[in-house]
Amino acid sequence: MGETKYIFVTGGVASSLGKGIISSSIGKLLQARGYSVTIQKFDPYINIDPGTLNPYEHGECYVTVDGHEADLDLGHYERFLSIQTTKANNITTGRVYKSVIDKERRGDFLGKTVQVVPHITDEIKRNVKFLGSKYKFDFVITEIGGTVGDIESLPYMESIRQLKWELGPRALSVHLTYVPFLAAAKELKTKPTQHSVKELQSLGVQPDILVLRSEHDLSADLRKKVALFCNVEESAVVQSMDVPTIYEVPLMMQRQGLDKTILRKMGLPIGEDPALKPWKEFLNRRSNATEEVTIALVGKYVELQDAYKSILESLLQAATYNDRKLKIEYVQSEQLTDENVAEKLSKVDGMVICPGFGSRGVEGKFVAAKYARENDIPTFGICLGMQCMSIEFARNVLGLEKANSIEMDEKTPYNVIDIMEEQKAVTNLGGTMRLGAYECVINKASKVYEAYKEEHIQERHRHRYEFNNNYREKFEEAGMKCVGINPESDLVEIVEIPELRWYIGTQFHPEYSSTVLKPHPLFLSFIKAAINK
Ligand code: GLN
């Protein structure tokens, strides 16, 4: 196709409008036309990466195969496009500044004064173009976090201005805004959009395409008005109404010709609309499913929508491919006790014991694991969830009273979950866990193998503690088998109780690699077991 084209996605009026979903949808539509596409997210905050951020601040921390702790939007990119992202797909202001300051210390700037323009903006531009020039993608979509008008996003807007100037028709700007409905006046209001575009224009960036998020249908007249006020062609003003699932958004964009407008504006041939057959089939199965499968999510962040994003999406995908409607029961582990556990969990078809850090709510996870084990409820423990299953087993089956993870109780007499050897000397919190994809060899006589149908797998990790191999034999004798092992380090990656319907814990996070068109085998098999219960 010639040189890489760059699409920038910015947002205005409010945050949380779904820039990640719009970026993913654009990517999906271009990919379906045969183009190679990647998507990257630039976050204007100062943290080097979101790995040290609390889920209350930033939702889930997503992990890439190469071990980068990333913004959760990268999860959307991977789920929509079935691509793998890397550290290069997620840049923060912290990383930009760190790199510039390191260069300054090395003397790379030859005595010059180091400034936001051009040094910081040059570093941003270098990063924008990095993946395109290295891998020759046809399209690189860059989503800018935050909203136009934020102080911290100014250097990014300035970089977009410069890049649009330098790249000409190879760069395009998509701006997402919000059109509120005033109930008292019974009117949709475009003024915030006009202001947002003015703000962007005042920074020298003219949007080429406007995507208007709204809860109501926008009339042609309203879109015409927005086009007129914002210097944007009428056909380039599209609406993004609320839809039952985010996976409908690419189709909604396709119906309005968003991809065609992009191709036309970038001087590319247009051709037929791609059929998106498997995608539509997924959506059909989702909307045709009537019977429910109820899964409890046991965790301490259950009131936060985004904290377990990838797990929820993986469950939805797996339920859909099992022709079931997914119903989630959120169970706050902090409030779970032996007294109320039956009331909260007896009716569910299966449960996920969620990942996490620290001791808050962990005792409730032990209660859930015990109840599930004793009542044979299909249960999936992920990372800390797997560790909790092991600890509960040690306490209540092996009789190792006060068994625990060193993370929760440094003085536990039975450290069935111990700190990893290479973690002992670590003092910095950021980016120092066991991160990214590692190999795992699966025991062929296990349910896990039935699910994967493969002996050698690679899965992504994010943890500091591990199953203590000194206890392996005891566990196995008593019925909890270590069925997935890392061949180099001998670390236990998967535990399973074969006697039970489906009681499996993974030290890794399978949820990071489940996509719409390639749902994860473990989630598929877990949901199947939950249905059969
Ligand atoms: N806190 C645990 C560890 O560090 C589990 C981490 C997780 O659930 N991601 O090992």
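The values are calculated or read from the model by the stated rules, or taken from the named source; none is laboratory data. Please read these numbers as outputs of a predicted model, since none were measured by experiment. Cβ sites come from the backbone with ideal geometry, for glycine too, and all protein chains shown count toward neighbours.
Some values worked out for this structure:
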quantity: Looking only at the range 84-127, and only at residues there that are touching a residue at least 24 places away in the same chain (Cβ under 8 Å) and surrounded by fewer than 17 Cβ atoms within 10 Å (Cβ to Cβ), the one that is farthest from GLU511 (Cα to Cα); calculated: VAL117
quantity: The range 137-151: number of residues that are more than 22 Å from ARG170 (Cβ to Cβ) and either assigned to a strand (DSSP E or B) or among the hydroxyl-bearing types (Ser, Thr, Tyr) (or both); calculated: 1
quantity: Qualifying residue in the range 178-189 (condition: under 26 Å from LEU81 (Cβ atoms) and touching a residue at least 40 places away in the same chain (Cβ under 8 Å)); calculated: yes
quantity: Failed item in (1) surrounded by 23 or more Cβ atoms within 10 Å (Cβ to Cβ); (2) free of Cβ contacts under 8 Å to residues at least 40 places away in the same chain; (3) out of contact with any helix residue (DSSP H, G or I) (no Cβ under 9 Å at 6 or more places or on another chain); (4) of a type outside the set (Val, Ile, Thr), with CYS440 passing the rest; calculated: (2)
quantity: Qualifying residue in the range 295-316 (condition: surrounded by 15 or more Cβ atoms within 10 Å (Cβ to Cβ), in contact (Cβ under 8 Å) with a residue 60 or more places away in the chain and over 23 Å from the mean Cα position of the chain (by Cα)); calculated: no
quantity: Inter-residue pairs, beta-carbon under 9 Å, first touching a residue at least 12 places away in the same chain (Cβ under 8 Å) and polar (S, T, N, Q) and in the range 259-283, second surrounded by 13 or more Cβ atoms within 10 Å (Cβ to Cβ) and assigned to a helix (DSSP H, G or I), 6+ apart; calculated: THR261/SER235; THR261/ALA236
quantity: Close pairs (9 angstrom Cβ cut-off, 6 or more residues apart or separate chains): among the small types (Gly, Ala, Ser) in the range 401-424, in a strand (DSSP E or B) and surrounded by 15 or more Cβ atoms within 10 Å (Cβ to Cβ) anywhere; calculated: ALA403/ILE417; SER405/ILE417; SER405/ASP418; SER405/ILE419; SER405/TYR465
quantity: ILE39 being buried (at least 22 other Cβ atoms within 10 Å of the Cβ), part of a strand (DSSP E or B) and at pLDDT 95 or above; calculated: yes
quantity: Selected residue (criterion: surrounded by the fewest Cβ atoms within 10 Å (Cβ to Cβ)) from residues of the range 408-435 that are within 13 Å of the ligand (Cβ to nearest atom) and more than 30 Å from LEU398 (Cα to Cα); calculated: LEU429
quantity: Which listed residue is surrounded by 23 or more Cβ atoms within 10 Å (Cβ to Cβ), under 30 Å from GLY51 (Cα atoms), in contact (Cβ under 8 Å) with a residue 40 or more places away in the chain and among the β-branched types (Val, Ile, Thr), from VAL352, VAL331; calculated: VAL352
quantity: Residue check for TYR452: aromatic (Phe, Trp, Tyr), more than 16 Å from the ligand (Cβ to nearest atom), more than 23 Å from SER513 (Cβ to Cβ) and modelled with pLDDT of 95 or more; calculated: no
quantity: Total residues in the range 383-407, condition under 12 Å from PHE357 (Cα atoms) and within 9 Å of the ligand (Cβ to nearest atom); calculated: 6
quantity: Residue list for the range 154-166, restricted to those being touching a strand residue (DSSP E or B) at 6+ places or on another chain (Cβ under 6 Å) and either closer than 16 Å to PRO44 by Cβ or surrounded by fewer than 20 Cβ atoms within 10 Å (Cβ to Cβ) (or both); calculated: TYR156, ILE160
quantity: Residue match in the range 362-374 (condition: in contact (Cβ under 8 Å) with a residue 12 or more places away in the chain and outside any helix (DSSP H, G or I)); calculated: no
quantity: Residue selected from the range 333-347 under the condition touching a strand residue (DSSP E or B) at 6+ places or on another chain (Cβ under 8 Å) and not basic (Lys, Arg), by the criterion nearest to ALA372 (Cα to Cα); calculated: LEU345
quantity: Condition met for LEU81 (surrounded by fewer than 24 Cβ atoms within 10 Å (Cβ to Cβ), touching a residue at least 12 places away in the same chain (Cβ under 8 Å), in contact with a helix residue (DSSP H, G or I) (Cβ under 6 Å, 6 or more places away or on another chain) and within 20 Å of ILE262 (Cβ to Cβ)); calculated: yes
quantity: Answer residue from the range 182-204, given it is surrounded by fewer than 23 Cβ atoms within 10 Å (Cβ to Cβ), among the hydrophobic types (A, V, I, L, M, F, W, C) and touching a helix residue (DSSP H, G or I) at 6+ places or on another chain (Cβ under 8 Å) and is nearest to MET253 (Cα to Cα) among those; calculated: LEU188
quantity: Flag for ARG33 being under 24 Å from PHE508 (Cα atoms) and out of contact with any strand residue (DSSP E or B) (no Cβ under 9 Å at 6 or more places or on another chain); calculated: no
quantity: Residue among GLU339, GLU313 that is away from the ligand (no atom under 16 Å from the Cβ), in contact with a His (Cβ under 9 Å, 6 or more places away or on another chain) and among the acidic types (Asp, Glu); calculated: GLU313
quantity: Breaking point among (1) in contact with a helix residue (DSSP H, G or I) (Cβ under 9 Å, 6 or more places away or on another chain); (2) away from the ligand (no atom under 15 Å from the Cβ), for ARG472; calculated: (1)
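Per-residue answers, yes or no, for (1) at positive phi; (2) within 16 Å of the ligand (Cβ to nearest atom); (3) surrounded by fewer than 20 Cβ atoms within 10 Å (Cβ to Cβ):
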{"site": "GLU459", "(1), (2), (3)": "no, yes, no"}
{"site": "ARG462", "(1), (2), (3)": "no, yes, no"}
{"site": "MET480", "(1), (2), (3)": "no, no, no"}
{"site": "GLU499", "(1), (2), (3)": "no, no, yes"}
{"site": "THR506", "(1), (2), (3)": "no, yes, no"}
{"site": "SER525", "(1), (2), (3)": "no, no, no"}
